Amino acid sequence: MRTDIQKKYFIGTPRPGKWASVYTYSPQNDEFIKKRGDIFAAISMTGPDSFNVSTAGNLLLDHLHETYFENPEDKPLLALEKAVISTQNYLQKLLEHDDAAETGIDIDLIALVIHKRIAYFVSMGQGHAHMLRDGIMVDIAPSLKDPTGRGHVRVGSTMLKQGDVIMLSSPALVKEMTRDELLDIAVEFNDTAFKQRSFDNGPLVSAIMIGFGVDRQEARAERILQETTPTVQETVAKMRETKADKPVVAPADDVMQDEENDQEYTDDEAYDDEQSMYEQATFDDTEAQALVDRLREGAVAVKTKLTNFVNQQRRKRSGRPTPAAQSAPAAEAKTTATDTEINYDQPTYKVMLDRVAAVLKQVGMFLKENIWEGILGMKKDGIYLKGRGPGRNWRIVAFVVIVVGAILFFSIRSINENNARIALEEEAQLRLDNAIELIEEVDKVAEIIAGASNNTERRDSMLAKLDEAEVELAAVGDVEKFQDEVSTRSARISELRDLLNKVISVDDPKQLVDVGGLFPGASPSDITLSGGTLYISDREYGKVYQIPASGGSLTELATGLTSPRSITADNNGDIVVLDEDGDRRLGTISAEDGSIVRHAGTSEFRLGNIRDIEFVDIFGGRVYGVDQSIKSVVMLQRSGDAYGIPSKRFELEELSTGTDLSINDLKIYVLADIMQGLYRALNNENDTPQLLGLDQGENLHQATAMFVDEVYVYIADPVNKRILVFVKDVETMPLKAQYQYKGPDDGTFANIKEIIADRSSGKLFVLDGTAVFELPLAGLENF
C-alpha cells in the first residue's frame, strides 16, 4: 500500500432513477501495486425510476475492478481503457431484457490510475478531472484524446509532481460549484465544504480528491505564500521553474530517462502520441517572448529606415552630413526603452504584456521624435512658407501625412476585420460545441436503440437530434480552423443515422458478372440458384446463361427460346422457364446438356399474363405464378414430367399489380399494391403480418422483387435503392436491417429485377439492370 497517496471523497444521497458514487482500490501486495498501481473513479447514472440504477452502478464498478486487475498483459493505460469500454458493453448487456433499454440510461464515468509517478485518465461521458499544481487548478478532462475516433472513451496521461491534487467528479458537482470553491477545497484538501453544502441535484453529485504527497499544513502555507508579493528575482525564477515543472504527457524517450530501472515504462506506448494537458491551460511565456522579439525587430527596422530618410533630407538642405543628429534619435529611443520600468512583481502573463507595451511605446516615441518633431517640425521654430523662414519640403510633408493616414485607415480596417473574424469564430465554436453535445448524446444510446425491434419513438427522437446537430455544423460555415472537426463530426452523424435506421451502407458492391458487358444489347429478365450455379435468362437473345455462384466465366446453357420472362429451379436441379412461345410457354431445361422440353397445354390463353413463376417441392412439385390479367395466384401441378392445367389458388383485385411471389412453409407471399405492399396467404386466406420499422405512412408498393428463406423476408425497393430484410414471423415482421446503395453511380440498384439469398454461402445475389451483384449476409449480424 502506498503512503504518498491521500484521498477524500463525497457521495450524494441517491434517489430513484438517480445515483452517483466513487470508487477506489489500492492493492495490498507490493508486487501488484508495482504492476497495476492504485485506481480511482467517479460515476453518476440516471435512468427511469423503475430501474435500480444504484444496483446497476455497483455492478458496473465491480466489473471495472475485475476487468482492470485481471488483465495480465496490457500496460496500465491500455488496460484501463479496455476496462472502461468493457464496462460500457456490460451496461448494454444488463439492459438487454429490461424496459430501461427503451428510454435509455445516461452514464458518466471518469477513472484514474496512479502507477508510480504517472497518472492515467480514461473518461466515458462528461466527468471532470481537476488538477491543482502550484496554486493553479485546471480541468484536464476536455484535453483527453479519443483513441478510436468513435467517441466512446477519451484517454490521457501526465507525470505527477509532489503536492499535486486531482479531483475526479460527476458533471452535477461542477454545475453547482464554482472553480474558486473547488480550488479552496483542493488547497485545503478537506471535504467539509462538500458535506456542509446543500446541492440542488444531490443524488448525482460525487467527488474524490487524490493527493500525491500532500500535507494539509504545507498546502495552507503554500496558499498563504502565493497571496504574498514576491520579489522580482523570485518571480523570474518561479517563471522558469513553472515552465520546467509543468505536467507533460511524456514521450517514450522522456519516460525512459525518468525510469531508467523500470522496463515497463521504456516501451509504454501510452506516451508515444500524447501531448501535455497542462500546456493547453497554462500561458506559454516562450510564445510571448517570441512575440516581443518580433515586435522589437520590427521597431528597429522601422527606426533605421526612417532615420536614414530624415538624415538624407537634412543633408540635402544643409549640404553636409550630420552624424550627431543622425545618432541622437536612436540613442534617445534606446535610452527611453532601457529606462522603461517593468514591474516583475506580478503574474507572468502581465509581465509579458508590459514588455510588449514597452516595445510599442518605444516605436511611438521614435515616430514622434522623427516625424512629428523632425519632419513636420512641431514644437520647434514653426512652419514657414518658402523664403520666409527655415525651408520645408512640403511634398515630403504631404507624402508623410498621406502615408500616416493610409496606415491609420488600413490599421482600423484590419482591426475591424480581425474583430469580425474573432466574432465569427466564437459563434462557430458555440455552434460546434452544441453539435458535439448532441452527437455524443445520441452516440451513448444509438446501439441500444438499434438493437430494439420496435422503438420508433425513441429512434425518431435521436434522428431529430442528429438533424439538429447537422444544422449546427452547417452554421459553422467556412471557418477554416474548424473544417477538420466539422468533417469528422459529419461523418459520425452519417454513421449514427445509418445505425439508427439499421442501414448497411453499400458503396461499391461486388459485381459477379455483367451480361450486358459480355453480350451488348442483352436484356436479363430473371435469375435462379441451383446446386451452386446461378442461372440467368435473357429475353433479348432467347438464351439462358450459367455461372458458378462463387465466381467464374459466364457460359450459355440453352438457346432457341423466344423471350424467356421468368425462370425457377425444380427439385431435380433442372430449370423451369416461362417463355413467350405461343401454345407451349412453359418448358424444362436440362441443367446437364441444356436441352429443352416444352409442356403442352401451357398456351397464352391458359397462362395469360403471368409475370413471375416459382417452383415449390410439395405434393410432387408445383409451379406458382401471379396472373395479372385474371388477378389471381395460379398453380400448375406436376405429374410425371408434365404440368397440368393452371388452377386458381385465390383471387384479389390488387393482384393486377402483382410483381413477384414466393412460397415458404405453405404460405404464399405476394408483392402488390395492397396494404403495406406485401400480402401473405395461408390456405388461401389472408395471413398478412404487419411490417415494423418503416417510417410512418411509408409502404412498399413500388417493390419489384422478393425472396423468402427460413429466417428472413428480403424485399427489393429500387425507388430508394435498397433491399429491406424483415424477420419472418406470424403477426409482425420487424425490420432486421436494410442494404442501401450510397455510391456515386445513379443507376446502381435503380432497376432491381430479382434477388436470391443463399445462407449456405452467406451471399445475397441481386440482378440489377444487366449485372448481377453479390452482398454479404454477414452485415445482418450487426443488428
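Structure above, values below:
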item	result
For the stretch 510-782: relative contact order, % (alpha-carbon pairs under 8 angstrom, 6 or more apart)	12 percent
Per-residue HN-Hα couplings for the stretch 650-664 [Karplus 6.51, -1.76, 1.60; θ = phi - 60°; Hz; x = Gly/Pro]	7, 10, 9, 4, 6, 5, 5, 10, x, 10, 7, 9, 8, 10, 8
For GLN126, residues with placed amide H under 5 Å, excluding near neighbours	LEU109
Kirkwood Rh in Å, taken over the stretch 611-710 so that all alpha-carbon pairs contribute	14.0 Å
Over the stretch 78-130, relative contact order from alpha-carbon pairs under 8 Å, at least 6 apart, %	33 percent
Unsatisfied cross-links (Cα-Cα over 18 Å) in the set LYS667/LYS753; LYS75/LYS444; LYS82/LYS161; LYS667/LYS721; LYS667/LYS728; LYS18/LYS93	LYS667/LYS753; LYS75/LYS444; LYS82/LYS161; LYS667/LYS721; LYS18/LYS93
Relative contact order %, the stretch 559-683, counting alpha carbon pairs below 8 Å whose residues are six or more apart	15 percent
Extension reserve of the ILE618-ARG179 stretch, reckoned as 0.36 nm per residue once the Cα distance is removed	150.3 nm
Residues whose placed amide H lies under 5 Å from that of TYR712, excluding near-sequence neighbours	LYS728
Residue-wise HN-Hα coupling along the stretch 407-424, computed from phi with Karplus coefficients 6.51, -1.76, 1.60 (Hz; x: Gly, Pro)	4, 4, 4, 5, 5, 5, 5, 5, 5, 4, 5, 5, 5, 5, 5, 5, 4, 5
Using a Förster distance of 35 Å, the FRET efficiency for SER590-GLU781 (Cβ separation, nearest 0.05)	0.35
Footprinting exposure proxy for VAL486, VAL401, VAL53 (fewest neighbouring C-beta atoms within 10 Å first)	VAL401, VAL486, VAL53
GLU651-SER490 pseudo-label distance in nm [points 7 Å out on the Cα-to-Cβ vector]	5.8 nm
Total formal charge among the other residues, if their Cβ is under 12 angstrom from that of GLY531, Lys/Arg +1 and Asp/Glu -1	-4
Solution diffusion estimate, µm²/s, Stokes-Einstein, the stretch 547-685, Kirkwood Rh from C-alpha pairs, 37 °C, viscosity 0.692 mPa s	210 µm²/s
Dipole magnitude of the stretch 5-148, debye to nearest 20 (Cβ charges: Lys/Arg +1, Asp/Glu -1, about Cα centre)	700 debye
Per-residue Cβ neighbour rank within 10 angstrom, fewest leading, ARG611, ARG565	ARG611, ARG565
Extension gain (nm, one decimal) between ASN190 and ASN664, 0.36 nm per residue minus Cα-Cα	163.4 nm
Using θ = phi - 60° and Karplus 6.51 cos²θ - 1.76 cosθ + 1.60, couplings along the stretch 461-470 (whole Hz; Gly, Pro as x)	5, 5, 5, 5, 5, 5, 4, 5, 5, 5
15 Å beta-carbon shell around LYS18, net charge (K/R +1, D/E -1)	-3
Cα-centred dipole magnitude for the stretch 510-782, charges only on beta-carbon of K, R (+1) and D, E (-1), debye, nearest 20	60 debye
SER50, SER169 arranged by Cβ crowding within 10 Å, fewest neighbours leading	SER50, SER169
Neighbour net charge for LYS742 - beta-carbon separation under 14 angstrom, K R +1, D E -1	-3
Ranked by how many other beta carbons lie within 10 Å on average, peptides 650-662, 547-559 from highest	650-662, 547-559
Cβ crowding within 10 Å averaged over residues, with 185-194, 625-634 ranked highest first	625-634, 185-194
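All of the numbers you see were taken from the coordinates with simple rules; none came from a lab. Here the structure is a predicted model, which means the values were calculated and not measured. Don't worry about glycine lacking a Cβ; one is built from the backbone with ideal geometry, like all the others, and counts go over all protein chains shown.
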